[in-house]
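Here's the structure, in C-alpha cells; my notes come after.
None of the figures in this text is laboratory data; all of them are computed from the coordinates on show. What you are looking at is a predicted structure, and each value in this text was computed from that prediction instead of being measured. Backbone-built Cβ (ideal geometry, glycine too); neighbour counts: all protein chains shown.
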Amino acid sequence: MNKDAVRVGQIDLPAVFPSVRLLESLRAAWSIPCLIVAFLVYAGFQLNPLETFENESPDLTSAVSTFGSATLAQWVFSIEVILVYGMTRGFAVLGLLVLRMLFLGFAAVGIARFTALLVNRHERSGVLQILRFMAGCWKPIVVSTFLTIAIVLLGVLCFRFAGYLPTWSSRGPNHADALNIVFWLYSLLTLVGLYVVLAGWLLGLSAIAIDGDDGAEALSRGISFVLSRFRRTSCFLILIGLLASVAGKITAVCLTVSGRVALRSISKSPQIPPMVSEGVASFQTGLTECVHLSAFCCGLAIAYLILRQVIDNVDFREIYDQK
C-alpha cells in the first residue's frame with residue numbers, strides 16, 4: 001500500500017459539486033442576446049386580447065413566485081385557473097395559455113443554445129444567430145409544447161371528474177369522508193404529476209437546443225430525467241429559481257439607485273425628492289422581468305447539461321451542431 005503523502009494543489013469544485021456550475025447562469029443571464037430574446041417574450045406576454053381574470057388564489061401565486069417573477073408565474077401557467085376552474089373559463093383562456101407557453105418555449109430554446117455555447121465552447125452567439133436557430137427549431141418546440149398541453153389537460157380532466165365523486169356519494173358521512181381523503185391524496189398525486197410533466201417539458205426544451213432532439217423525444221428525455229433523478233432535479237429547480245430571484249433583485253437595485261442618482265443630478269431643488277415617471281418605472285419592471293426569465297432559462301440549460309452527464313454519461317462539452 002502506498003503511504004506517501006499526497007499534496008492537493010487544486011480542487012475541481014464543479015466535478016465534486018456539480019450544482020456549482022449553476023452559478024455560471026448568472027454570467028449568461030445579463031448577456032445582450034439573452035435579454036433581447038427575453039424582451040421579445042415579455043412583449044408578447046403584454047398582448048392580452050382577453051380581460052384580465054381575477055386572481056382567485058393569491059396565496060398560491062405568491063408561493064409559486066417566491067423563487068421567481070410573480071408576473072410570469074401568473075401569466076405563463078395560470079395555475080389556479082387550470083387546477084380549480086379547468087375549462088369553465090372558456091377556450092379563450094386555454095388558447096392564450098398555449099400561446100404564452102409557445103413564447104416561453106422559443107425563448108428557452110434560444111437562451112439554452114446561447115448558454116451552452118458560452119459555457120462549453122466560450123462562444124458568444126449573436127442575436128440573429130439565436131433567432132435563426134429558434135426559427136429552425138419551430139417544429140420540435142411546437143410538438144413538445146402541444147404534447148405537454150395534451151398530457152396536462154388529460155390530467156386536469158381526470159382531476160375534475162374525480163372531484164365529483166364525493167358529491168355523488170350518498171352512503172353516509174363516513175363513506176363521504178373516506179372519499180374526501182382519497183380525493184385529497186389524488187389531488188396531491190395530480191400536482192406531482194403536473195410538476196413532473198412541466199419540469200420535463202422545460203428540460204426537454206434544453207434537449208432541443210443542445211442535442212437536437214425532436215419534440216416527442218425531447219419531452220420523453222426531460223420527463224425521464226425528472227423521474228430518474230427526482231430529488232436532484234427538484235433541488236436544481238429550486239436553486240435556479242433562487243439564482244433568478246437574486247439576479248432580478250440585483251437588477252432592480254441597480255436600476256433604482258442609478259435612476260435616483262440621475263434624477264437627483266437633474267433636479268432643480270435638492271430638497272425636493274425626485275419623482276420617477278411611469279415610463280421609467282415600466283422600463284425598470286420590464287428589464288427586471290427579462291432578467292428573471294433570462295436567468296431561469298440559462299439555469300435550465302446548465303441543469304440539463306449536468307443531468308445529461310450524470311445520467312447518460314455524455315461529455316458536458318458535447319453540443320449538437322445544426323446543419
So who's got an amide H within less than 5 Å of the one on residue 229, skipping anything under 5 residues away but keeping other chains? H placed 1.01 Å off N, in plane.
-> none
Net charge of neighbours whose Cβ lies under 15 Å from the Cβ of residue 126, counting Lys and Arg as +1 and Asp and Glu as -1 | +3
Going fewest to most other Cβ atoms within 10 Å around each Cβ, 289, 278, 123, 24 line up as 278, 123, 24, 289
Which residues qualify? For residue 314, with a placed amide H closer than 5 Å and at least 5 residues away or on another chain, they are 309
Between residue 192 and residue 124, what FRET efficiency comes out of the Förster formula 1/(1 + (r/R0)^6) with R0 = 25 Å and r the beta carbon distance, rounded to 0.05?
-> 0.05
Full-stretch length increase - residue 158, residue 46 - with 0.36 nm per residue and alpha-carbon distance subtracted | 37.1 nm
Diffing segment 134-146: the Karplus 3J(HN,Hα) column from phi (6.51, -1.76, 1.60, θ = phi - 60°), in whole Hz with x for Gly and Pro, holds 4, 5, x, 9, 4, 5, x, 5, 5, 5, 4, 5, 5
For segment 195-208, what does the Karplus curve 6.51 cos²θ - 1.76 cosθ + 1.60, with θ = phi - 60°, yield as ³J(HN,Hα) per residue in whole Hz, taken in order and with x for Gly and Pro?
-> 5, 5, 5, 5, 5, x, 5, 5, 5, x, 4, 5, 5, 5
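For residue 142 and residue 315, calculate 0.36 nm times their separation in residues minus their Cα-Cα distance, and state this gained length in nm to one decimal.
59.5 nm
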Computed FRET efficiency, Cβ-Cβ of residue 253 and residue 181, R0 35 Å: what is it to the nearest 0.05?
-> 0.15
